[in-house]
1. Identify, from the list 133, 77, the residue that is touching a helix residue (DSSP H, G or I) at 6+ places or on another chain (Cβ under 9 Å), assigned by TED's automatic domain parsing to the domain that holds residue 17, under 20 Å from residue 37 (Cα atoms) and at pLDDT 95 or above.
2. Is the stretch 112-129 home to any residue that is touching a helix residue (DSSP H, G or I) at 6+ places or on another chain (Cβ under 8 Å), assigned to a loop (DSSP other than H, G, I, E, B), surrounded by fewer than 18 Cβ atoms within 10 Å (Cβ to Cβ) and in the same structural domain as residue 15 (by TED's automatic domain parsing)?
3. How many residues are closer than 15 Å to residue 290 by Cα and not in a helix (DSSP H, G or I) when one looks only at the stretch 247-259?
4. May I ask you to verify whether residue 348 is at pLDDT below 95, over 24 Å from residue 188 (Cα atoms) and surrounded by fewer than 18 Cβ atoms within 10 Å (Cβ to Cβ)?
5. Restricting to the stretch 7-42, name every residue that is touching a helix residue (DSSP H, G or I) at 6+ places or on another chain (Cβ under 7 Å), surrounded by fewer than 20 Cβ atoms within 10 Å (Cβ to Cβ) and closer than 19 Å to residue 345 by Cα.
6. Does any residue of the stretch 262-282 turn out to be loosely packed, with under 14 Cβ neighbours inside 10 Å, in a helix (DSSP H, G or I) and in contact with a strand residue (DSSP E or B) (Cβ under 8 Å, 6 or more places away or on another chain)?
7. Would you be able to say whether some residue in the stretch 208-224 is exposed (fewer than 13 other Cβ atoms within 10 Å of the Cβ), out of contact with any helix residue (DSSP H, G or I) (no Cβ under 7 Å at 6 or more places or on another chain) and under 20 Å from residue 164 (Cβ atoms)?
8. For the stretch 55-85, give me each residue that is more than 15 Å from residue 120 (Cα to Cα) and outside any strand (DSSP E or B).
């Protein structure tokens with residue numbers, strides 16, 4: 001079968017290969033992948049600029065934003081059948097016995113192995129999954145939208161489960177990529193009175209998308225100082241919540257300028273850059289800094305429920321659908337700001 005494989009610890013070491021088709025062993029199912037989303041982390045893997053705090057294995061098939069159809073059911077699996085339309089969580093394997101797993105916080109399990117990093121992922125024709133990571137796709141939801149459940153779950157974890165948005169809040173989103181745009185949608189759903197999305201000159205199209213979705217203000221920070229804008233909004237003291245969806249360390253310094261005293265920062269993006277500035281503003285302002293990582297079963301169920309009720313707008317975010325052999329164009333379109341989200345279609349309708 002075809003698979004997009006990261007084969008070496010170097011930039012550009014990514015190619016479509018013919019690899020053996022996996023089988024559903026006891027306690028697992030085999031999913032025939034229909035659509036898989038491209039994540040910013042996949043693009044970093046392409047250029048070998050991923051955070052070194054996430055150590056993977058090589059070679060590895062990329063992809064963790066999957067939607068597909070169950071093709072085979074292994075021995076001992078109940079409740080699932082061939083033909084079921086499913087999405088898969090990213091935690092391909094967890095220990096199941098540590099205190100975090102037992103408390104339902106398996107996204108933080110120290111022995112967690114994620115698709116596309118330590119386990120072969122979904123940028124392939126088939127994917128092996130344990131039933132615990134499966135969720136049913138709501139009727140009427142297309143595979144392309146369903147494949148976006150994972151990034152929506154990341155955004156949901158940040159602005160609903162970790163930090164929170166209260167009706168009437170001023171919310172600033174740093175970064176106009178997929179996670180930033182999806183966090184914007186959820187902040188609006190939560191009742192934010194005013195939303196501001198920050199980007200750079202590469203984000204012209206993505207900032208336009210943010211505006212169409214409902215952002216009250218969009219700012220190219222290479223042309224306008226967002227601190228000056230926030231001084232004119234609400235009571236002038238800053239944002240109730242800043243969501244850092246950039247993965248650029250310098251954004252944290254900016255977020256400390258933008259957040260109000262006793263406000264909160266939800267840091268979703270991460271990257272390898274070191275800090276070269278003081279964190280004293282966090283102390284002086286008594287700001288709460290939330291690290292936001294991954295998601296759990298209830299996150300996915302809530303996001304899928306929102307999809308099913310038509311409360312989310314994935315069609316405004318999806319920029320292009322590509323064949324696996326067109327992966328480089330799909331990746332480049334996101335990197336260059338032409339698409340908020342690209343997806344690869346593995347299976348024809």
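The values are calculated or read from the model by the stated rules, or taken from the named source; none is laboratory data. What you see is a predicted model, and the numbers here were worked out from it, not measured in a lab. Every residue, glycine among them, receives a Cβ derived from its backbone with ideal geometry; neighbour counts consider all protein chains shown.
1. The match here is 133.
2. No: the stretch 112-129 contains no residue that is touching a helix residue (DSSP H, G or I) at 6+ places or on another chain (Cβ under 8 Å), assigned to a loop (DSSP other than H, G, I, E, B), surrounded by fewer than 18 Cβ atoms within 10 Å (Cβ to Cβ) and in the same structural domain as residue 15 (by TED's automatic domain parsing).
3. Looking only at that region, the number is 3.
4. Considered against the rule, which asks whether it is at pLDDT below 95, over 24 Å from residue 188 (Cα atoms) and surrounded by fewer than 18 Cβ atoms within 10 Å (Cβ to Cβ), residue 348 comes out as yes.
5. 16
6. No, the stretch 262-282 contains no residue that is loosely packed, with under 14 Cβ neighbours inside 10 Å, in a helix (DSSP H, G or I) and in contact with a strand residue (DSSP E or B) (Cβ under 8 Å, 6 or more places away or on another chain).
7. no
8. If the condition is that a residue be more than 15 Å from residue 120 (Cα to Cα) and outside any strand (DSSP E or B), then 74, 75, 76, 77, 78, 79, 80, 81, 82, 83, 84 are the ones that fit.
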